[in-house]
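In what follows, a single structure is set out as structure tokens and then discussed.
The values are calculated or read from the model by the stated rules, or taken from the named source; none is laboratory data. Fair warning: this is a prediction, and the values are worked out from it, not measured in the lab. Here Cβ is always computed from backbone atoms with ideal geometry, including for glycine, and neighbour counts include all displayed protein chains. With ligands, DNA and RNA removed, areas are computed over all heavy atoms of the protein, side chains included. Shrake-Rupley method; radii C 1.70, N 1.55, O 1.52, S 1.80 Å.
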Amino acid sequence: GGTASSAELTGPDKENYGSVQGIDSFSDDENTSSTRLLFGTIIPSFEPIPWYRFIILTVLCAVPGAVYILAFTQIGMGLTVFTMLSENYEQYVGTILTYLLGFALLLYVLDVAHWGSNFGKISQIVSCGILLIGLLVAGVFDAGNQPYSPTCAFTILTPLWVMLVKPVFYWKEVTRTYVSWLSGPLLIDALTFVAVWITWAFMDDANEWNSITRAADAEGSACEPNFVDYPECRAANDTDKVCFIVEASQAELTFPDGCSGECIKVFNHCPNTFIIWAGPFTMSLTYLFLSFFCSFLRVKEGSMTAMGEKNVINFAKVWLFLLFAIWITASLLGSGMGITSALGVLTLASFVASVLFLTVSFSRDDQEAQKKRIWKNIKENWGDYFDLIKGLLVLLCSPAAFIYVVLSFLNQCVRRFFCFPCSKKHSNDLNEDGLPAENKDWVTRDARLWLEEVKSWNLTSVYSYAIYWGIGIMTMQVLVAQLTLLFLSWLIETTANYSLNTVSIIMVVVGLLMFLLPPVPGVPVYLSMGIVIVAIGRESLGLVWSIVYAIALSLVLKLLACSLQQKLIGQSLSNSVYVRQQVGINSRFIRATKLILAQPGLPIDKVSILVGGPDWPTSVLCGIMQLPLLPILVGTLPVLFIIVPTLMMASFTYLAPLEENDMELYPWADTAATLAAALTALVQLAALLSATKYLELTIKTRGDELDAMPIDEEVKKADDEVKAKNDAYDEASKWHKVPLCMKVALVLSVLFMVVSTYLFLLLQGLCFVEYELTSTISGDLKGNALNLVRPFGWVGIGSFTVSCFFFSIFTGWAKKESSKYMEEKVIVKLV
């Protein structure tokens, strides 16, 4: 319960810092750009505190995570607990949620936020407590159906627990100072959980993630077998049991006569087993998230540190890349349907926990001041992208917005007709902005202001961005997650009888075509190599050498692609305005890249750009600059550190479901694929952040050189023409100028896109059948690739198609109007 802050420690306490010094303890010489990149981006920065306090906080913070691991994961009693909850308490979840929803709606309609008396404030606290506890209890009870709910519950409980610790041990400390201390302990806990999980996973074959443990854990965690797609897999004497026998202790699966080895797939749809097995890892992710958030609350002269806001952005990149890598692995494993929802809910729970930290760390005045400052910075830095963000909100939140307006109407009815004495009292005065008086309106003042704000939006732009977001989600959830899986399985099946040399030639040609397309990065190429080459080569070369061969072939392909991009496109077509425009030759980002690439030799910043920069623009830019090819290829060789984990992740994912005589050939592959996915995310991010860091440093320190570089006038003229067309399109399609029929077309396009998006995001399991890399179109889909799509999937695809049809009608009209506008503008200038 000491009262001295870290800055005030002297004597013995100061000497006790030892190995728990924070980022501020580095000297100026040590605080290099590399250190700044490491701390606050890959590793959260933390306050220097005495070692004994560090240890105490580490132990105390670990309590919720340790309880979760012991109670809800495979390391502890997870299977027993999940079964108990599913059999005894799951039946009450619907009732609990119904009562909670009704209670929450009643509180809103009765204006709980405006209960100003002492009794009213106590009622507010009690009501919020009831809702929070009820949601946590319902989440835990529903673990059988929503296996990620205990993780989310403990994620939210963790900040509540550590804040309960404060008045017991550190009651004299300022709350924000105390919270900033937690960054280091939470980081150590996150690393400890991961280390324990990895050690446990490799201690025994029964602890690995494979089809045997998955089947055993599925039965033990109350997963319902998928007898709809596999009706022949029911046990003859029990319609609720599967036909095969699982002996987890002996790592064996027994398939009696009449029970096919394919029946192991009856549990593929169930995410319970993966989440129970990987529970310590997911809990470590939440601790890492909270650790970073606590580091952002570190105090320096009454505000965030100078690096704080940039660290927030960098950490967001780390988090998204990590989640994306896990999602890719889960999708390739055939488990992406449940994992996608789990990762989304886990992120949401982490944000809720962070908000709890933020709420207790700032006073109301500080919170308002921080909101205004953050909002000001957001408008300054991201104001041009507001329509893009609003479009995403329209796509994802339209149903919630409609419900809010309905509830606001009910709330206003209670206020207007004095149904409850504690409701907010109306003002009879007209609003100075011309809004109707509160006692005359049919929605609350907050809802009215929100509706007026929506009316002020550039609705044409916002709705158009909503459509583009929907197209992006369709691309990720269908084209990437489903069709890529289907294509790779078809490629493996088709080339199964080809020689390795033939397949290698095919993959090199396909890979080169992918590399030569500007938007395509190298990752999908390496993933394809790791799957197809290993699938064909493991029989002739063996597993290890087939992976080595795939890695070598991927490196050669990358270097060959760089050579073609540099010489064939960049150097040969350097006079092409279109090519230079696609590179973005006049952008500050590319001009900074030119300064770095023009350096002699291979300094670290140049290598970082060659490895971590965008593939196509970087190589083409080298050709435009007439740089010698050989040094560029040598500087690109460290890309091997990206190729190896990415390719191994794909290879292990392919190997995981392979069987022989109904036994897994590689029971360790699932575990290895998960670890390789995390490593891939870290390596990819390190390369990206390193390149970004050196570009930012160049822009900051060599601004005069950038300003002195001549502008490519031809490209500038082409960019101006594109901008003029875009401006004409925006002007001609402003909402007040759009005729009613076109407004209806655009609104209908948004509505159908919302339906499609909700189906593919929330009901993906009902949209597509279970399919994995080792599945075949001829066998699993009965020779028809379209059988991959279920009825709900066709509804989603149909809604998407109708949305695009209406949007094409609108854009066709808007382009004609913009052409007329430009012609009229030219005539006016001539006159």
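Could you check region 574-603 and list, in sequence order, the residues that are part of a helix (DSSP H, G or I) and either touching a Pro at 6+ places or on another chain (Cβ under 6 Å) or farther than 20 Å from Gly703 by Cα (or both)? Before you say what the answer is, go through the steps one by one.
Initially, region 574-603 is screened for residues part of a helix (DSSP H, G or I), giving 577-583, 588-597.
Once the filter is applied, which keeps residues that are part of a helix (DSSP H, G or I) and either touching a Pro at 6+ places or on another chain (Cβ under 6 Å) or farther than 20 Å from Gly703 by Cα (or both), region 574-603 yields Val577, Tyr578, Val579, Arg580, Gln581, Gln582, Val583.
Across region 464-486, what is the number of residues that are over 15 Å from the mean Cα position of the chain (by Cα), more than 22 Å from Leu748 (Cβ to Cβ) and either open to solvent by less than 30 Å² (accessible area, probe 1.4 Å) or small (Gly, Ala, Ser) (or both)?
Qualifying residue count for the region: 3.
Let me confirm something: among Gly139, Gly116, Gly76, Gly120, which residue is at pLDDT below 85 and outside any helix (DSSP H, G or I)?
Values: Gly139 fails: outside any helix (DSSP H, G or I); Gly76 fails: at pLDDT below 85; Gly120 fails: outside any helix (DSSP H, G or I).
It is Gly116.
Identify the single condition in (1) under 28 Å from the mean Cα position of the chain (by Cα); (2) open to solvent by 80 Å² or more (accessible area, probe 1.4 Å) that His736 does not satisfy, given that it satisfies every other one.
Evaluating His736 over (1) under 28 Å from the mean Cα position of the chain (by Cα); (2) open to solvent by 80 Å² or more (accessible area, probe 1.4 Å) leaves (1) as the failure.
Does Phe169 qualify as being buried (at least 20 other Cβ atoms within 10 Å of the Cβ) and touching a residue at least 24 places away in the same chain (Cβ under 8 Å)?
Here the answer is no, as Phe169 does not meet what is asked.
All but one of (1) without any contact (Cβ under 8 Å) to a residue 24 or more places away in the chain; (2) open to solvent by 50 Å² or more (accessible area, probe 1.4 Å) hold for Ser576; which doesn't?
(2)
Output the residues belonging to region 99-113 that are assigned to a helix (DSSP H, G or I) and either surrounded by fewer than 11 Cβ atoms within 10 Å (Cβ to Cβ) or among the hydrophobic types (A, V, I, L, M, F, W, C) (or both). Don't jump to the end; show me each part of the working.
Quick first cut of region 99-113, residues assigned to a helix (DSSP H, G or I) only: 99-109, 112-113.
Scanning region 99-113 gives Leu100, Leu101, Gly102, Phe103, Ala104, Leu105, Leu106, Leu107, Val109, Val112, Ala113.
Checking the condition without any contact (Cβ under 8 Å) to a residue 40 or more places away in the chain and either within 24 Å of Val607 (Cβ to Cβ) or open to solvent by less than 30 Å² (accessible area, probe 1.4 Å) (or both), which residue from Ile585, Ile551, Ile533, Ile505 passes? Steps first, answer last, please.
Working: Ile585 fails: without any contact (Cβ under 8 Å) to a residue 40 or more places away in the chain; Ile551 fails: without any contact (Cβ under 8 Å) to a residue 40 or more places away in the chain; Ile505 fails: either within 24 Å of Val607 (Cβ to Cβ) or open to solvent by less than 30 Å² (accessible area, probe 1.4 Å) (or both).
One residue alone meets the criteria, Ile533.
Between a first residue in region 95-110 that is over 23 Å from Lys121 (Cβ atoms) and a second residue that is open to solvent by less than 80 Å² (accessible area, probe 1.4 Å) and in a helix (DSSP H, G or I), which pairs have beta carbons less than 9 Å apart while being 6 or more apart in sequence or on different chains?
Cβ pairs passing all conditions: Ile96/Gly134; Ile96/Val137; Ile96/Ala138; Ile96/Phe141; Leu97/Gly134; Leu97/Ala138; Tyr99/Gly134.
May I ask you to verify whether Ile492 is buried (at least 17 other Cβ atoms within 10 Å of the Cβ), among the aliphatic types (A, V, I, L, M), at pLDDT 85 or above and closer than 23 Å to Ile643 by Cα? Even if it seems obvious, please write down each step before you answer.
Details: buried (at least 17 other Cβ atoms within 10 Å of the Cβ): yes; among the aliphatic types (A, V, I, L, M): yes; at pLDDT 85 or above: no; closer than 23 Å to Ile643 by Cα: yes.
When the stated conditions are applied, Ile492 does not pass them.
Of all residues in region 714-733, which are open to solvent by 60 Å² or more (accessible area, probe 1.4 Å) and of a type outside the set (D, E, K, R)?
If the condition is that a residue be open to solvent by 60 Å² or more (accessible area, probe 1.4 Å) and of a type outside the set (D, E, K, R), then Val722, Asn726 are the ones that fit.
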